[in-house]
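Asker: Mind having a look at this structure? Questions to follow.
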Amino acid sequence: MGKNLVEKILTEHLISGKLMPGEEIGIRIDQTLTQDATGTMAYLQFEAMNAPKVKTELSVSYIDHNTIQVGFENAGDHCYLQSVAQKFGIVLSRAGNGICHQVHLERFGKPAKTLIGSDSHTPTCGALGMIAIGAGGLDVALAMAGEPFYLVCPKVIKINLTGKLKPWVSAKDVILKVLEVFTTKGNVGIVFEYGGKGAATLTVPERATITNMGAECGVTTSIFPSDEMTRQFLSSQQRKKDFTKLKADEDATYAKVVDIDLSKIEPLTARPHSPDNIGTVKSMKKIAVDQVCLGSCTNSSYKDLVTVAKILKGKVVHPDVSFILAPGSRQVLENIAHNGYLADLIASGARIMENACGFCIGNSQSPQSGAVSLRTSNRNFLGRSGTMDAAVYLVSPETAAAALITGKFTDPRDLKTPYPKVKIPEKFLIDDSMIVWPSTNTKPHSKRNRGGGEEAARYAGEIYRGPNIGSPPKNSALTEIIQAQVTIKVGDKITTDHIIPAGARMKYRSNIPKYSEFVFENVDAGFAKRANKIKEAGKQNIIVAGLSYGQGSSREHAALCPMYLGVRAVIAKSLERIHAANLINFGILPLTFVNEADYDKIDQQDELEIADARKIIASGGDLLVQNKTKGISFYVSCVLSVRQRQIILAGGALNIHAAKSKDK
């Protein structure tokens, strides 16, 4: 029986377990990436493991999230990241070089390799035929230390693409169609494998838009074959030697095959406040638009920006619309500047932002109260823009351009102008001088990449620790009896942004006592004080939630900060993959209702008790939860592998690793 793409790569990297869907497997990781919002804590955890150097083929530290430097915190963390990179053999992409996913796609990703990153949109590199998976920072730290990455062996769904995209319809509309079909929940433990004649018509940057936003479906990752399009892309990046052909066998099998005809897709949008709230652009009936943000790791390639530049050439954006432009990488910015398109965008009224995440994470360019903001990014969760009452719609660059001209939601096909043809350079202008290789590395990545020689020397062997840098807190071992209060009860689709806010608050990412003050800030501002009070009284906290708890970012702070506040368990109708793994890593029980109707029988402030917790977790089985306040009881499930049980019993993965270090 033939193998699909996923099976081929996992077979070559399998360390433990069997490739049977639903079984836990451990795989060898070739590459890792971190970004500064999650990387600081990941490297603090890596330091705690006492490894002398990273053991991967390549590990890259990106500074792309918290580049706004108001106060000392972000600048101090950047210095910490640079010093850690030099000491442990990590490549550093400096602030200003671009967003991790765009840069990794351009400069480092390789077909048939494995990559994990402390960012949920790491699957972007699936566009190159990689198994690229978002994970918590602790999992990335363990991989850098040479440990396997553990995951549930996924089911593989083939998305068979036929036909060809029509003018004014783009890759963003394809992934919005996929989200319409699969939604944001119910896809845990699944990989989307794209194939078919339609897939062969899509360039690598177009594929990257699709694999990037596959994360919003909650899948483990998404992947395309490595084919002629891949070879052309790597050649344009002067990395032809990195090309490896990779395709599924003709008789490969899949859990399911879903057909999508590219020629039948029309311009789409994700309406507030979820990426799967899909409608046609035409059905928006020309809603007035206040802001358009072009960029992010989803839609900031050379083709995306040049397409918009050509549409806007000779025009000035509508006076009621603020036009924000954030190129995905320094390479993209240099090339559109070199070819004159940046001048066209500036002439149209674009406000040029840094090559960083910026508006996508609510770290800048928050719209006015009640605004309608069209964005080419990947998430439109409530409040993520930094403005709680803003209405954020996710759109393609073409739809964004149409709104810039008309001031309203406009189907780009209604512009009645020829669709611009964009010629992709056979060889991009490459300048890697903002990439700092560790001093032990003597082979530059390209002729122009040996950036930061003085910076490298400054931090050789010495780690910079500013006043914002703390130590990663550890949990206590699981108690035999859990006595806890329901500190908060929330509904469905609670994202990691709901749990721990992004934006300006992320400057406290390496200062857990401070960052923990903002847990559930936008849901229940009193949560942190209430949880801390319960913790100080010697009790524990429990969070009760509905479906798909922990959507969105891989930010492990959404588990780490609640752990610091004394949260011992989350009881939910269902949990998303990365967040559930993060809960386990920090010793928080990820529990699900055996009978979902029991969710309605629990209220905030109820006192709960779970007896024989250690015994049942060690042996497996459902746990009985007694609601002392209401005098009722119900069962919850805790599905863990043998390895995960050990982590929970010990109170977290760091405790396990510390014990191993002592034994050595």
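Asker: Where residues in segment 284-298 are of a type in the set (Gly, Ala, Ser) and in a strand (DSSP E or B), which of them is modelled with the lowest pLDDT?
Answerer: Gly295
Asker: Scan segment 89-103 and give yes if some residue there is touching an Asp or Glu at 6+ places or on another chain (Cβ under 6 Å), surrounded by fewer than 24 Cβ atoms within 10 Å (Cβ to Cβ) and outside the structural domain of Tyr508 (by TED's automatic domain parsing), otherwise no.
Answerer: No.
Asker: Okay, next question. Which residues, counting only those in segment 616-654, are under 27 Å from Cys153 (Cα atoms), without any contact (Cβ under 8 Å) to a residue 60 or more places away in the chain and among the basic types (Lys, Arg)?
Answerer: Of everything in segment 616-654, just one residue is under 27 Å from Cys153 (Cα atoms), without any contact (Cβ under 8 Å) to a residue 60 or more places away in the chain and among the basic types (Lys, Arg), namely Arg645.
Asker: For the condition hydroxyl-bearing (Ser, Thr, Tyr), under 27 Å from Ala653 (Cα atoms) and assigned to a strand (DSSP E or B), what is the one hit in Thr56, Thr38, Thr11, Thr34?
Answerer: Thr34
Asker: Inside segment 105-120, can you point out the residues that are modelled with pLDDT of 95 or more and either of a type in the set (Gly, Ala, Ser) or under 10 Å from Gln35 (Cβ atoms) (or both)?
Answerer: Once the filter is applied, which keeps residues that are modelled with pLDDT of 95 or more and either of a type in the set (Gly, Ala, Ser) or under 10 Å from Gln35 (Cβ atoms) (or both), segment 105-120 yields Gly109, Ala112, Gly117.
Asker: Which count do you get for residues in segment 83-102 that are farther than 17 Å from Thr56 by Cα and in contact with a Leu (Cβ under 6 Å, 6 or more places away or on another chain)?
Answerer: So the answer is 1.
Asker: For segment 157-196, how many residues are closer than 20 Å to Pro111 by Cβ and either touching a strand residue (DSSP E or B) at 6+ places or on another chain (Cβ under 8 Å) or of a type in the set (Lys, Arg) (or both)?
Answerer: So the answer is 9.
Asker: Might you let me know whether segment 175-183 holds any residue that is in contact with a Cys (Cβ under 7 Å, 6 or more places away or on another chain) and among the aromatic types (Phe, Trp, Tyr)?
Answerer: Yes, there is a match, as at least one residue in segment 175-183 is in contact with a Cys (Cβ under 7 Å, 6 or more places away or on another chain) and among the aromatic types (Phe, Trp, Tyr).
Asker: Among the numbered criteria (1) in contact with a Ser or Thr (Cβ under 6 Å, 6 or more places away or on another chain); (2) without any contact (Cβ under 8 Å) to a residue 60 or more places away in the chain, which single criterion is violated by Asp600?
Answerer: (1)
Asker: Okay, moving on. Just to check your reading of the model, which residue among Ile435, Ile430, Ile405, Ile424 is surrounded by 15 or more Cβ atoms within 10 Å (Cβ to Cβ), of a type outside the set (Ser, Thr, Tyr) and at pLDDT below 95?
Answerer: From the options Ile435, Ile430, Ile405, Ile424, the qualifying one is Ile424.
Asker: Can you name the strands (runs of 3 or more DSSP E) wholly within segment 321-396 that have at least 1 residues being crowded, with 20+ Cβ neighbours inside 10 Å, under 20 Å from the mean Cα position of the chain (by Cα) and among the β-branched types (Val, Ile, Thr)?
Answerer: Strands (runs of 3 or more DSSP E) meeting the threshold: 391-394.
Asker: Another question, then. Criterion first (more than 18 Å from the chain's Cα centre (by Cα), in contact (Cβ under 8 Å) with a residue 24 or more places away in the chain and either under 20 Å from Gly552 (Cα atoms) or part of a strand (DSSP E or B) (or both)) does Tyr194 satisfy it?
Answerer: Considered against the rule, which asks whether it is more than 18 Å from the chain's Cα centre (by Cα), in contact (Cβ under 8 Å) with a residue 24 or more places away in the chain and either under 20 Å from Gly552 (Cα atoms) or part of a strand (DSSP E or B) (or both), Tyr194 comes out as yes.
Asker: Quick one: is Phe46 surrounded by 19 or more Cβ atoms within 10 Å (Cβ to Cβ), touching a residue at least 60 places away in the same chain (Cβ under 8 Å) and out of contact with any Ser or Thr (no Cβ under 9 Å at 6 or more places or on another chain)?
Answerer: When the stated conditions are applied, Phe46 passes them.
Asker: Within the bounds of segment 499-507, is there any residue that is modelled with pLDDT of 95 or more and within 23 Å of Asp603 (Cα to Cα)?
Answerer: Yes; the residues of segment 499-507 include at least one that is modelled with pLDDT of 95 or more and within 23 Å of Asp603 (Cα to Cα).
Asker: Which of (1) of a type in the set (A, V, I, L, M, F, W, C); (2) farther than 20 Å from Ile543 by Cβ; (3) part of a loop (DSSP other than H, G, I, E, B) is the odd one out, the single condition Ala658 does not satisfy?
Answerer: Every condition holds for Ala658 apart from (3).
Results for (1) in contact (Cβ under 8 Å) with a residue 24 or more places away in the chain; (2) surrounded by fewer than 15 Cβ atoms within 10 Å (Cβ to Cβ); (3) under 28 Å from Arg379 (Cβ atoms), shown as yes or no for each residue.
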{"position": "Thr220", "(1), (2), (3)": "yes, no, yes"}
{"position": "Phe224", "(1), (2), (3)": "yes, no, yes"}
{"position": "Thr230", "(1), (2), (3)": "yes, no, yes"}
{"position": "Lys241", "(1), (2), (3)": "no, yes, no"}
{"position": "Ala252", "(1), (2), (3)": "yes, no, no"}
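Asker: Does Asp598 qualify as being surrounded by fewer than 24 Cβ atoms within 10 Å (Cβ to Cβ), assigned by TED's automatic domain parsing to the domain that holds Phe518 and not in a helix (DSSP H, G or I)?
Answerer: no
Asker: Report yes if some residue within segment 473-489 is in contact with a His (Cβ under 7 Å, 6 or more places away or on another chain) and outside any loop (DSSP other than H, G, I, E, B); otherwise report no.
Answerer: No, segment 473-489 contains no residue that is in contact with a His (Cβ under 7 Å, 6 or more places away or on another chain) and outside any loop (DSSP other than H, G, I, E, B).
Here's the yes/no breakdown for (1) touching a Phe, Trp or Tyr at 6+ places or on another chain (Cβ under 7 Å); (2) surrounded by 24 or more Cβ atoms within 10 Å (Cβ to Cβ); (3) at pLDDT 95 or above:
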site: Pro123; (1), (2), (3): no, yes, yes
site: Gly137; (1), (2), (3): no, yes, no
site: Phe149; (1), (2), (3): no, no, yes
site: Lys155; (1), (2), (3): no, no, yes
site: Lys166; (1), (2), (3): no, no, yes
site: Ala171; (1), (2), (3): no, yes, yes
site: Val174; (1), (2), (3): no, yes, yes
site: Asn187; (1), (2), (3): no, no, no
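Asker: While we're looking at this one, here's another question. Just checking, does segment 302-314 include any residue being in contact (Cβ under 8 Å) with a residue 12 or more places away in the chain, of a type in the set (A, V, I, L, M) and assigned to a strand (DSSP E or B)?
Answerer: no
The values are calculated or read from the model by the stated rules, or taken from the named source; none is laboratory data. Here the structure is a predicted model, which means the values were calculated and not measured. Backbone-built Cβ (ideal geometry, glycine too); neighbour counts: all protein chains shown.
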